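The values are calculated or read from the model by the stated rules, or taken from the named source; none is laboratory data. Because the structure is a prediction, the values reported are computed rather than measured. Cβ placement follows ideal geometry from the backbone for every residue including glycine, while neighbour counts extend to all protein chains displayed. Surface areas here come from the heavy atoms of the whole protein model, side chains and all, with no ligands, DNA or RNA. Shrake-Rupley method; radii C 1.70, N 1.55, O 1.52, S 1.80 Å.
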Amino acid sequence: MEHADVVVIGGGQSGLATGHALLRRGIRPVVLEASEQAAGSWPHYYDSLTLFSPASYSSLPGMPFPGADPNGYPHRDDVIAYLTAYAAGLDTDIRTGCRVTGVHGTGSGFEVELADGGRLATRAVVAASGTFGRPHRPTLPGVDGFTGPVLHAADYRSPAPFAGKRVVVIGAGNSAVQIAAELAQVARVTLASRSPVKLARQRMLGRDLHFWLSRTGLDAAPLGRFVRTPPTQLVIDDGRYRAALAKGAPDRRELFTGVDGAKVAWVDGTREEVDTILLATGYRPDLPYLAELDGALDSAGHPRQRDGVSVTHQGLVFVGFEWQRSLSSNSLRGVGRDAARVARRLAAHLARG
């Protein structure tokens, strides 16, 4: 059986940042990426996705985000190209098309099982597989009986297939508002949610919001240990979404009270036929391969960790999950900080033999 000191599961931004941090400590990990490209979930996001953090705040350690304008906002394809180049520059073993199906404890560490039947023995495991593979589909009143398609934002690519349709987008976060506003250019769209949409100005006093988050220290503050339920997400807005909502494109409503066939029932008692319901309701940690590692996950499938380090298994760490340590833990700008911390812990673990 093949052996490795550290196996990193996931070759997206979190896995690559961790690979870089481990290399700086003289540890050359094996990085396993399920897809055929070391760019994580980015190739699967919708076509028009644009970062709400400027290029200067969207880099992994050791490689600034390229481009002539550091204050510009990179497009999805820019991020894919950046991550691909970042992976090519890492002097480590990155294997694409390698899906991990199980991690099992051994007396000396772990055994990593692959979908093709392969196995690796390792002293440490980094779970950096993110959340895209586990879209969150909340229980909604009557939606199981809806006769039209119920999609998730993970399925959405562009507005073209929805032209002329009646669409209800569920959610109040960045993706929900972005997708609803884009769809509203070609379709009749309602943005529905249990809580109001909270808009935050993208620029204040001539500076991007991320400048102020960094300057105040809030971006890196270890608040994750105090967060049990992630707070309602602020929608970063340069003015476009406020204007779109103000003119009713999309219109904003409270979540429907029920569904009967193709019709939804709104809180005011009206009923309306709808073509598509699209859930922009986020994601949850995608860690099925840890299911048999006793105690590694809680009952909801979330990692049991503190500052990225498993509280139950020595040599198991996590990188890149929402509020893992800070509000930026699952972002390009913040994942490098978390990666450096867990790399330090893993180096100490390996040194103990």
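Here are the numbers for this structure:
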| quantity | calculated |
| --- | --- |
| Karplus-derived 3J(HN,Hα), 6.51/-1.76/1.60, for each residue of the stretch 138-154, Hz, glycine and proline x | x, 6, 10, x, x, 5, 5, x, 5, 8, x, x, 10, 9, 10, 3, 4 |
| Net charge of neighbours whose Cβ lies under 9 Å from the Cβ of Arg225, counting Lys and Arg as +1 and Asp and Glu as -1 | +1 |
| Centre separation in Å (Cα based) which lies between the stretch 17-42 and the stretch 313-333 | 15 |
| Ordering of 158-170, 119-131, 207-219 by packing [mean C-beta count within 10 Å, highest first] | 119-131, 158-170, 207-219 |
| Residues with amide H under 5 Å from that of Thr101, placed H, sequence gap 5 or more | Glu113, Leu114, Ala115 |
| Shape box of the chain [Cα atoms, principal axes, largest first, Å] | 67, 47, 36 |
| Estimated vicinal HN-Hα couplings, Hz - the stretch 246-255 in sequence order (Karplus 6.51, -1.76, 1.60; Gly, Pro = x) | 5, 9, x, 10, x, 8, 10, 9, 5, 4 |
| Simple spin-label estimate for Ala160 and Ala81 in nanometres, 7 Å along Cα-Cβ | 2.1 |
| Interchain or long-range residues, amide H under 5 Å from Gly258's placed H | Ala265 |
| Net charge dipole size for the stretch 244-336 [Lys, Arg +1 and Asp, Glu -1 on Cβ; Debye, nearest 20] | 400 |
| Most to least packed among 2-13, 341-352, 276-287 [average Cβ atoms within 10 Å] | 2-13, 276-287, 341-352 |
| Potential extension, Arg352-Glu2 segment - 0.36 nm per residue separation minus Cα distance | 123.8 nm |
| Additional length obtainable on full extension of the chain from Ala262 to Val186, 0.36 nm per residue less Cα span | 25.3 nm |
| Ranked packing of 196-204, 47-55, most packed first, by mean Cβ within 10 Å | 47-55, 196-204 |
| Selection from Ala87, Pro141, Asn174, by position along the positive dipole direction of the chain (Cβ) | Asn174 |
| Net charge over other residues, Cβ less than 14 angstrom from the Cβ of Ala348 (K, R count +1; D, E count -1) | +4 |
| Total formal charge among the other residues, if their Cβ is under 15 angstrom from that of Val79, Lys/Arg +1 and Asp/Glu -1 | -1 |
| Accessible area per residue, Å², the stretch 168-219 with all protein chains present, probe 1.4 Å | 46 |
| Theoretical FRET efficiency, 1/(1+(r/R0)^6), r = Cβ-Cβ of Ala243 and Thr216, R0 22 Å, to 0.05 | 0.20 |
| ³J(HN,Hα), Karplus 6.51/-1.76/1.60, whole Hz, each residue of the stretch 55-66, x for Gly, Pro | 4, 5, 10, 10, 10, 8, x, x, 8, x, 5, x |
| Taking the chain and dividing mean pair separation by its residue count, relative contact order in percent (alpha carbons under 8 Å, at least six apart) | 22 |
| Built amide H within the under 5 Å cut-off of Arg306, gap 5+ | Val311 |
| Pairwise label distance in nanometres, Arg137 with Val311, each label 7 Å out on the Cα-Cβ vector | 3.1 |
